[in-house]
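Take a look at the structure below.
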Amino acid sequence: MYTLRRWWDRHGLHVALVGLTVSAALFVRYTQGAAIFEVYQVVTRPFQSEPTSQEQLTNAKVAELEQRVVELEAQNQKLKKLLDYVSDQKQEGIVAPVVGRSADHWWRQVIIGRGSEEGIQKNYIVTSPGGVVGRVMEVTPHTSRVLLISDPSSRLGVTISRSRFMGVMRGKAANRAVVEFFDKVPDVKTGDVVATSSYSRIFPSGLSVGRVESVDLNKSPAPEAVIELSAPLSSLEWVVVYPHQETDELPPLEGTPEQPEREQG
């Protein structure tokens with residue numbers, strides 16, 4: 001016992017210091033240094049100056065202005081693309097902002113901030129950079145309701161640009177649509193460009209609609225193709241509205257026994 005006491009008197013302090021160091025290291029490791037950071041905060045807090053209410057208000061205003069600049073730059077880029085698109089069109093259109101859409105009908109319809117006061121009428125066609133968006137269904141003096149081509153109730157005569165085979169396109173929600181062909185064995189393949197056909201009763205021919213995503217030639221009662229729409233329907237902010245004279249009669253389809261289904265709302 002005497003020998004142990006003498007050893008402790010000589011080395012006990014060193015052992016205690018080593019144990020304290022190891023314990024501190026383990027504590028820091030398992031707490032990720034949080035305790036040390038808290039101690040640092042407590043020690044240095046008296047030397048840290050809290051921002052005044054005026055400084056806080058100024059900083060908030062600066063942050064708000066910075067965010068507005070970012071938003072304005074983004075809007076400026078979109079409007080520039082839209083103006084370039086409008087200038088490329090042969091027919092003069094009415095530029096309109098999208099001011100409303102329902103979460104329950106996100107892929108079915110939108111409300112635009114132009115109406116009869118700006119000359120918009122029912123069945124005017126609506127486009128955006130990328131292609132066809134839809135057509136005007138209802139008009140008030142300052143707003144218009146637009147039926148999107150992705151709405152399952154929408155019907156649109158289309159053609160495969162490469163092979164000229166035609167069919168009727170109906171919306172499939174999301175950014176997709178389905179074309180049902182008139183011909184039993186249409187020449188269509190993945191990647192083909194789809195445009196409005198000359199048999200459309202409301203839409204003029206040649207407007208971009210989308211591209212073929214997949215084809216089912218065995219589909220009954222008629223072959224079908226799934227179309228990825230080219231207009232950004234999920235993120236519309238601005239559109240262009242054009243007048244179009246609706247025709248009462250459709251020209252006969254040469255080489256096909258069926259008439260295309262009329263476009264519906």
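The values are calculated or read from the model by the stated rules, or taken from the named source; none is laboratory data. Note that this is a predicted model, so its numbers are computed, not measured. A quick note on method: Cβ atoms are made from the backbone with ideal geometry, for glycine too, and the neighbour counts reach across all protein chains shown. The area values use the complete protein model at the heavy-atom level, side chains included, leaving out ligands, DNA and RNA. Shrake-Rupley method; radii C 1.70, N 1.55, O 1.52, S 1.80 Å.
Leaving out ligands, DNA and RNA, what percent of the accessible area of the stretch 87-170 is carbon and sulfur, probe 1.4 Å? Write out the running numbers ahead of the final one.
Details: 1820 of 3890 Å².
Carbon-and-sulfur percentage of accessible area, whole number: 47.
Report, as a whole number in µm² per second, the diffusion coefficient that Stokes-Einstein gives for the stretch 135-216 at 25 °C and 0.890 mPa s using the Kirkwood radius over alpha carbon pairs. Please report the intermediate quantities before stating the final value.
Working: Rh = 13.3 Å.
Here the translational diffusion coefficient equals 184 µm²/s.
With each label point set 7 Å from Cα along the Cα-Cβ vector, what nm distance links SER153 and SER198?
Reported label-point gap for SER153 and SER198 is 3.2 nm.
Quick query: amide H of HIS244 versus all other amide H atoms, modeled in the peptide plane; which residues come in under 5 Å with a sequence gap of 5 or more or a different chain?
ILE125
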